[in-house]
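Encoded as C-alpha cells, the structure appears first; notes follow it.
None of the figures in this text is laboratory data; all of them are computed from the coordinates on show. What you see is a predicted model; the values in this text were computed from it and never measured. Neighbour counts run over all protein chains shown; Cβ positions are idealised from the backbone, glycine included.
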Amino acid sequence: MGQRWIEAITVMNAQAIAAGSTGYSSAIAALNMVGAYGAMHITVTATGVMTITQQASLDGATWLDPTNGTMIAAGLAYAATYKVLTQYITFTPLVAPYIRFKVEPDVSVTMSLKYVAQGEKE
C-alpha cells in the first residue's frame, strides 16, 4: 500500500452559467484516485433548481454521459432546489480515467466547485 492523501481540486472557479444552459468543469485525471466516495464543495450565487452530473472520458477530450445496463442515466452527483449557499455534497464518483461535472441550473448562477477525493501513490 502506498501513501494516501485527500485533495480538494478546484474545477470551476466563479464560472457564470446562464439559466437553461449547461456549464462544464475542467477535467479531473482520476488515475490515482481510490475509494468509493467523493465530495463536492460548491458555492452558488442564486436560488433555484440545479442538476450536477458526472461525465466520463477515456482520453480527456471525448465526453460521454454514462448510463447503466438498461440505458438509464448514471453519474448523478446532485439534483435539488438550492439557495445562495456553500455546501459540501458527497456522492459516488464514476470509474473512468477522466471525469468532469456537467452543471444545469434553471436560473443564471455563478458557481465554484472543488472536487474532493482520496488518492494513493506507491
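The orientation-averaged projected area of the convex hull spanned by the Cα atoms of segment 3-121 comes to 7.2 nm². Simple point charges give the picture: +1 on the Cβ of Lys and Arg, -1 on the Cβ of Asp and Glu, and for the chain a dipole about the Cα centre of about 200 debye.
For the chain, build the charge dipole from Cβ charges (+1 Lys, Arg; -1 Asp, Glu) around the Cα centre, then report which of A73, Y115, A46 sits farthest towards its positive end. Farthest towards the positive end: A46. In this simple spin-label model, placing a label point 7 Å from the Cα along the Cα-to-Cβ direction at both I6 and L58 gives a separation of 3.4 nm. Using R0 = 25 Å, the C-beta based FRET efficiency linking T67 and T45 works out to 0.20. Among the trypsin sites (Lys or Arg not before Pro) in segment 38-111, those placed in a DSSP loop whose Cβ has at most 12 other Cβ atoms within 10 Å are K83.
Summing charges over all other residues whose Cβ lies under 14 Å from the Cβ of A96, with Lys and Arg as +1 and Asp and Glu as -1, gives 0.
Seen from T22, the other residues with C-beta closer than 14 Å to its C-beta sum to a net charge of -1, counting Lys and Arg as +1 and Asp and Glu as -1.
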